[in-house]
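**Q** Below you will find the structure I want to go over with you.
The values are calculated or read from the model by the stated rules, or taken from the named source; none is laboratory data. Remember, it's a predicted structure, so these values are computed and weren't measured experimentally. Neighbour counts are summed over all protein chains in view; Cβ atoms, including those assigned to glycine, are modelled from backbone coordinates with ideal geometry.
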């Protein structure tokens, strides 16, 4: 220790010896910062993804309100997934636009699917659930249309899901079979879950396999079985094992 005599204090003052950080001390500090970063960065990433998931769910909620308004204007009847009108190919998204008027609602902030379609050039992050073929489209609205009353359990039946692949208006079609690449086009990109709009208007985030849990099929609005044989209805439809289909979807969305 060093001492210096102070004239004003008329006594000796203790002087502390100053020294710089050693290399080991600097390495310890850097190591601590690296450990904290490794712990906190994944947490921040999860928080950002959660915020995107909430924004996506809000989009689906607004889409659900638009669909409800549409059905009220058309005698409690749903639209087709796509249709031709004035030599232009429209989708169910275009049918919702008069009730939404905000094209940004069709883009999930987590989904890099930026393909647009239809006369309104709408993004295709969301697809109608056409598992049972109840939203089959056609030229000049020629095919059948499903009534609201046909859905016996609207709180348990899916209406709109998230889509990975570009260019389609629907997902879970009856001609896809039990598995294969078609089912991998579903987008469960929110930490292995996708937001689902149900027929009663509520939105829920679920893992693909949870939609067929306990032997109940949430996809076909008029059929509760997880294995459905559509082949007798023609149109190239086939038998679908939704358990296998959801496993394929889950495997493509780790």
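**Q** For the condition under 28 Å from residue 176 (Cβ atoms), surrounded by fewer than 20 Cβ atoms within 10 Å (Cβ to Cβ), out of contact with any helix residue (DSSP H, G or I) (no Cβ under 7 Å at 6 or more places or on another chain) and modelled with pLDDT of 85 or more, what is the one hit in 131, 84, 127, 57?
**A** Values: 131 fails: surrounded by fewer than 20 Cβ atoms within 10 Å (Cβ to Cβ); 84 fails: modelled with pLDDT of 85 or more; 127 fails: surrounded by fewer than 20 Cβ atoms within 10 Å (Cβ to Cβ).
Of the residues listed, the single one that is under 28 Å from residue 176 (Cβ atoms), surrounded by fewer than 20 Cβ atoms within 10 Å (Cβ to Cβ), out of contact with any helix residue (DSSP H, G or I) (no Cβ under 7 Å at 6 or more places or on another chain) and modelled with pLDDT of 85 or more is 57.
**Q** OK, next. For the stretch 134-164, enumerate the residues that are closer than 24 Å to residue 231 by Cβ, modelled with pLDDT under 85 and either in contact with a helix residue (DSSP H, G or I) (Cβ under 6 Å, 6 or more places away or on another chain) or surrounded by fewer than 19 Cβ atoms within 10 Å (Cβ to Cβ) (or both). Spell out the reasoning first.
**A** Of all residues in the stretch 134-164, those closer than 24 Å to residue 231 by Cβ come to 134-138, 142-146, 150-152, 157-158, 161.
Still in the running and modelled with pLDDT under 85: 136-138, 142-145.
Correct list: 138, 142, 143, 144, 145.
Per-residue answers, yes or no, for (1) assigned to a strand (DSSP E or B); (2) more than 15 Å from the chain's Cα centre (by Cα); (3) surrounded by 19 or more Cβ atoms within 10 Å (Cβ to Cβ); (4) modelled with pLDDT of 95 or more:
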position	(1), (2), (3), (4)
195	yes, no, yes, yes
210	no, no, no, yes
213	no, yes, no, no
222	no, yes, no, no
228	yes, yes, yes, no
253	no, no, yes, no
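**Q** List the pairs whose first member sits in the stretch 239-253 and is over 16 Å from residue 174 (Cα atoms), whose second member is in a helix (DSSP H, G or I), and whose Cβ atoms are under 6 Å apart, counting only residues at least 6 apart or on separate chains?
**A** These pairs meet every condition: 250/208; 250/209; 252/184.
**Q** Same structure, new question: From the list 80, 37, 45, exactly one residue is in a loop (DSSP other than H, G, I, E, B) and at negative phi. Which is it? Before the answer, list the steps.
**A** Values: 37 fails: in a loop (DSSP other than H, G, I, E, B); 45 fails: in a loop (DSSP other than H, G, I, E, B).
When all the criteria are applied, what remains is 80.
**Q** Residue under question is residue 202, and the condition is that it be touching a residue at least 24 places away in the same chain (Cβ under 8 Å) and loosely packed, with under 15 Cβ neighbours inside 10 Å; does it hold?
**A** Details: touching a residue at least 24 places away in the same chain (Cβ under 8 Å): yes; loosely packed, with under 15 Cβ neighbours inside 10 Å: yes.
Yes, satisfied.
**Q** If I filter the stretch 91-107 for residues that are in a loop (DSSP other than H, G, I, E, B), modelled with pLDDT of 90 or more, at negative phi and within 21 Å of the chain's Cα centre (by Cα), do I get at least one hit? I'd like the intermediate steps shown before the answer.
**A** Taking the stretch 91-107 and keeping what is in a loop (DSSP other than H, G, I, E, B), we get 101-102, 107.
From the residues that got through so far, the ones that are modelled with pLDDT of 90 or more too are 107.
Subsequent filtering for residues that are at negative phi retains 107.
Among the residues that remain, those that are also within 21 Å of the chain's Cα centre (by Cα) are: 107.
The answer is yes, given that some residue of the stretch 91-107 is in a loop (DSSP other than H, G, I, E, B), modelled with pLDDT of 90 or more, at negative phi and within 21 Å of the chain's Cα centre (by Cα).
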